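S.K.: Have a look at this one.
The values are calculated or read from the model by the stated rules, or taken from the named source; none is laboratory data. Treat the numbers as computed from the prediction; the structure is a model and nothing was measured. Note: ideal-geometry Cβ built from the backbone for every residue, glycine included; neighbour counts use all protein chains shown. In case anyone asks, the SASA skips ligands and DNA or RNA and just uses the protein heavy atoms, side chains included. Shrake-Rupley method; radii C 1.70, N 1.55, O 1.52, S 1.80 Å.
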Number of protein chains: 2
Amino acid sequence: MLRYLCGVDIGATNITVSIADINGFRSRVLQLTNRIGDELTVPKQVISLITICCERGGVDLSDIERIGISSAGPFRRIDGMIELESPNICGGLSGVEGRLPNDWRRIPLERYLEDRLPPLKIANDAVSGAKAERMFGAGKGVNNLVYVTWSTGIGTGAYVDGHLISGKNGNAPHGGHIHLLDGGARCGCGERGHLEGLSSGMAIGRSYGGGSTAEDVFRMYRRGDPEAVEIVHDAARHFGRGLASINALLDTELFMIGGSVFQNNADILLPLIKKEMEGSFSVLSDGVEIVPAVLGRYLGDIAGLSLVMDEDWIEAWAEKEPWVQGVETVIIE
Amino acid sequence: MLRYLCGVDIGATNITVSIADINGFRSRVLQLTNRIGDELTVPKQVISLITICCERGGVDLSDIERIGISSAGPFRRIDGMIELESPNICGGLSGVEGRLPNDWRRIPLERYLEDRLPPLKIANDAVSGAKAERMFGAGKGVNNLVYVTWSTGIGTGAYVDGHLISGKNGNAPHGGHIHLLDGGARCGCGERGHLEGLSSGMAIGRSYGGGSTAEDVFRMYRRGDPEAVEIVHDAARHFGRGLASINALLDTELFMIGGSVFQNNADILLPLIKKEMEGSFSVLSDGVEIVPAVLGRYLGDIAGLSLVMDEDWIEAWAEKEPWVQGVETVIIE
């Protein structure tokens, strides 16, 4: 009998669920993250999507061995259970009135799910992203590495001395909230001068104004619009300085960069951030590599699954690379 | 027969060597760090001080089992051997012509010493400081902690998930060189806006000008001198923001602060940095404790020794606390 695992990716924009067996993905569903309702809205949505994904894959929920959940953070451990306290999902934490359509301050994610689902593990999405990229992607065999997702927000996950670091609440290394400036643009968390507030996709769009998205700004950049050029160069400069600070603290060998902002614009961004890193204190930065992450659009799914995979499964997937073929994704309205 | 260990502390200002047995310290010598000569000046000085310390303690060099060396960084591992590349010792790295009386770019510390001495281990001074404070001091039993030395420079060492982090060259977490400002005062490494360049003892003295030391500035602070007050408040604010960034990346439980600048002025500095930490993104900073380190003037010695101590020795020292009674320190001219 085949064994099944489930991978969940909770982002501020989308939630993705996939069911997999040792041969590859069986089914995959995606839905916009519902941020309207009470504090259980997101956990209930996760259960609903897992149920739909099981139906699509022809798998009984009770036949799923384990569930790995990769989620935007930060977290707080309450009595050992992970609560979600993300300013990009919880309106009560964002520090800016009316930015999100709810006033949540915490989501009791683990407590609600663990009573209702097969055994599960939860980790920060960039932490599990680092795990997935080290298992199957750009970081194979590297003992000191950092995965950075450069997307709507900015998240980081890291191995140091071969150990996937977690910290007291599972938030290490929460690179989006390091200080780079005294003052500067406001971050989603309400503070000014954070890496995420200066360089994230949201920050890039907002800098241009007029309801622009990061995608709009990069389109204008490619047309030579001087304001877009300045905004992108500033964002890349702060991002590179952020990497230099993260490297100072983690003494890493390799940065793997993923996330939509980077993936769609690596041709522009990679040379800019490499230049910034090369210009920083050379005793620390010499020889540090910066490369694109390689698992692409399935990284979130594999990140979740990587939390609960056995050795035999890891070997099989490393050989078959099921993310290359992929799977039909059903978008749930 | 008694077993002997030797602890060495290499700082930019002083080198200290102590010989110890399971009952406590036997002898201790201290000399200003010699920064004049060729690249072997410091390793040769270490050997000379170990020899003198052995004589003083009535111990034969060949009877020393192991040597633990706690040194200012950063390091670079060349063929597995640690080289010292500290801009506070190596004039060729400082980025400011004539700041130091030599043009060294690297000191082949481990390679030179390992052929000439009993078996030895080398670690960054704040990393081994974290180890010592967790073994015997303010961090007993804590799995996520950061030791920060606030002295001529600023150094950091950390346990994450119960593991003393090291990184590819043994530099993690090199907190003195994280960016806090775009621009600002120049750090010893030549870059601007680093924590060490903004808040170290050297930075505090230099901000006041006229060849002042940090000690001078704190004396003026206590007399109510408005410029000294502003300089100290700025340094403390940046230091607190630095701790918040380090906490964002390491998700720690406890900061233990030592070093001469802090130890002599904890009454002024501790409230200021606590206030800064409390004002930062609360989901990450809530519940993080900031306390003074407790091993005081023997921290460097114990840091070195902690690298090479056995379990039985650790238990004996934890009980006897030989640093309380101390030992006569012979100052070598």
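S.K.: Report residue A:194's accessible area, 1.4 Å probe, all protein chains in place, as a number in Å² to the nearest 10.
M.R.: 0 Å²
S.K.: Find every distance from the label point of residue A:81 to the corresponding label point in the other copies (7 Å from Cα along Cα→Cβ) and write them in nm, one decimal, shortest first.
M.R.: Listed shortest first, these distances are 5.7 nm.
S.K.: Shifting gears a bit: Rounded to whole Å, give me the distance from the Cα center of the stretch A:29-57 to that of the stretch B:58-99.
M.R.: About 56 Å separates the Cα centre of the stretch A:29-57 from the one of the stretch B:58-99.
S.K.: With the contact rule set at Cα under 8 Å and sequence spacing of 6 or more, what percent relative contact order holds for the stretch B:138-292?
M.R.: Taking the mean separation of contacting Cα pairs over the length of the stretch B:138-292, I get 25 percent.
S.K.: Another question, then. In whole Hz and in residue order, list the ³J(HN,Hα) couplings for the stretch A:236-246 that follow from phi through the Karplus curve 6.51 cos²θ - 1.76 cosθ + 1.60, θ = phi - 60°; x for Gly and Pro.
M.R.: Going residue by residue, I get 5, 5, 5, 4, x, 5, x, 4, 5, 5, 4 Hz, with x marking Gly and Pro.
S.K.: Note down the accessible area of residue A:220, probe 1.4 Å, to the nearest 10 Å².
M.R.: Accessible area, nearest 10 Å²: 50 Å².
S.K.: Read phi for every residue in the stretch B:192-206 and hand back ³J(HN,Hα) as whole Hz from Karplus 6.51 cos²θ - 1.76 cosθ + 1.60, θ = phi - 60°, with x for Gly and Pro.
M.R.: 9, x, 7, 3, 5, x, 9, 10, 5, x, 4, 5, 5, x, 5
S.K.: Using a label position 7 Å from Cα in the Cα→Cβ direction, what is the ascending list of nm distances from residue B:319 to the same site in the other copies?
M.R.: Relative to the other copies, residue B:319 has label-point distances of 5.6 nm.
S.K.: While we're here: If I take R0 = 25 Å and measure r between the Cβ atoms of residue A:331 and residue A:44 in this structure, what FRET efficiency does the formula 1/(1 + (r/R0)^6) give, to the nearest 0.05? Display every interim value, and only then the final one.
M.R.: On the way: r = 19 Å, r/R0 = 0.76.
Efficiency, from the Cβ-Cβ distance: 0.85.
S.K.: Among A:143, A:23, A:169, which one moves the most in a GNM of chain A with springs linking Cα atoms closer than 10 Å?
M.R.: A:23
S.K.: What's the angle, to the nearest 10 degrees (0 to 90), between helix B:311-320's Cα axis and the longest principal axis of chain B?
M.R.: 70 degrees
S.K.: Treating only the Cβ atoms of Lys and Arg (+1) and Asp and Glu (-1) as charged, compute the dipole magnitude of the protein assembly as shown about its Cα centre; round to the nearest 20 debye. Each step should come with its number before you reach the end.
M.R.: Working: 62 positive and 88 negative charges, 187 e Å.
It works out to roughly 900 debye.
S.K.: What's log10 of I(q)/I(0) for the protein assembly as shown at q = 0.05, 0.06, 0.09 Å⁻¹, Debye sum over Cα points only, no solvent?
M.R.: For the protein assembly as shown, the Cα-only Debye profile gives -0.25, -0.35, -0.77.
S.K.: While we're here: At 37 °C and 0.692 mPa s, grab the translational diffusion coefficient of the stretch A:138-292 from Stokes-Einstein with a Kirkwood Rh over Cα pairs, rounded to a whole number in µm² per second.
M.R.: Answer, rounded: 210 µm²/s.
S.K.: Among A:306, A:71, A:94, determine the one that fluctuates most according to a GNM of chain A built with springs between C-alpha atoms less than 10 Å apart.
M.R.: Of A:306, A:71, A:94, the Gaussian network model singles out A:94 as fluctuating most.
S.K.: Interface size between chain A and chain B, please: total buried accessible area, 1.4 Å probe, rounded to the nearest 100 Å².
M.R.: 4100 Å²
S.K.: Rank A:270, A:221, A:246 by how far each Cα sits towards the positive end of the charge dipole of the stretch A:138-292 (+1 on Lys, Arg Cβ; -1 on Asp, Glu Cβ) and give me just the farthest.
M.R.: Sorting the options by dipole projection puts first A:221.
S.K.: Test of understanding: in a Gaussian network model of chain B with alpha carbons linked when under 10 Å, which of B:192, B:35, B:116 would top the mean-square fluctuation ranking?
M.R.: Ranking B:192, B:35, B:116 by mean-square fluctuation puts B:116 first.
S.K.: To continue, here is another question. Are any of the pairs B:140/B:168; A:131/A:275; A:140/B:274; A:168/B:44; B:44/B:274 more than 31 Å apart by Cα-Cα distance, and if so, which?
M.R.: Table pairs above 31 Å Cα-Cα are A:140/B:274; A:168/B:44; B:44/B:274.
S.K.: How far, in nm, would the chain grow between residue B:23 and residue B:103 when pulled straight, counting 0.36 nm per residue and subtracting the alpha carbon separation?
M.R.: On the way: separation 80, 0.36 × 80 = 28.80 nm, distance 4.23 nm.
Gain in length upon complete extension: 24.6 nm.
S.K.: Okay, next question. If you place +1 on the Cβ of every Lys and Arg, -1 on the Cβ of every Asp and Glu, and leave all else neutral, what size is the dipole of chain A about its Cα centre, to the nearest 20 Debye? Write down the numbers at each step before the final one.
M.R.: Details: 31 positive and 44 negative charges, 103 e Å.
It works out to roughly 500 debye.
S.K.: Where the centroid of each part is defined by its Cα atoms, how far is the stretch B:154-201 from the stretch B:257-333 in Å?
M.R.: 18 Å
S.K.: Got a number for carbon plus sulfur as a percent of the protein assembly as shown's accessible area, 1.4 Å probe?
M.R.: Exposed carbon and sulfur together represent 46 percent of the surface.
S.K.: Once you place label points 7 Å from the Cα toward the Cβ at residue B:163 and residue B:140, how far apart are they in nm?
M.R.: In this crude spin-label approximation the distance works out to 2.7 nm.
S.K.: Also, quick follow-up: Taking H as built 1.01 Å from N, whose amide H comes closer than 5 Å to the amide H of residue B:180, not counting residues under 5 places away?
M.R.: For residue B:180, the qualifying residues are B:194, B:195.
S.K.: When the helices in the protein assembly as shown are scored as -39500 (n - 2.57) per DSSP H run of 4 or longer and the sum is shared across all residues, what 222 nm value do you end up with, to the nearest 500 deg cm²/dmol?
M.R.: Working: 26 runs with 250 residues, N = 666.
Helix-only estimate at 222 nm: -11000 deg cm²/dmol.
S.K.: Also, I was wondering about something else. Tell me the Rg and the Dmax, in Å, that the Cα atoms of the stretch B:166-241 produce.
M.R.: So, for the stretch B:166-241, Rg and Dmax equal 13.5, 46 Å respectively.
S.K.: Also, quick follow-up: Starting at 0 and stepping by 5 Å, how many percent of the alpha carbon pairs of the stretch B:200-333 end up in each bin?
M.R.: Using 5 Å bins, I get a P(r) of 2, 9, 16, 16, 15, 15, 14, 9, 4, 1, 0 for the stretch B:200-333.
S.K.: Next question. For residue B:36, go 7 angstrom from Cα along the Cα-to-Cβ vector, then report the distances to that same point in the other copies in nm, smallest first.
M.R.: Computed spacing set for this position: 7.8 nm.
S.K.: Taking R0 as 25 Å, what's the FRET efficiency between residue A:223 and residue A:291 from their Cβ-Cβ distance, rounded to 0.05? Walk me through the intermediate numbers first.
M.R.: On the way: r = 28 Å, r/R0 = 1.13.
The pair residue A:223/residue A:291 has a calculated efficiency of 0.35.
S.K.: Taking the Cβ-Cβ separation of residue A:52 and residue B:77 as r and a Förster radius of 45 Å, what is the calculated FRET efficiency to the nearest 0.05?
M.R.: Working from the Cβ atoms, E equals 0.30.
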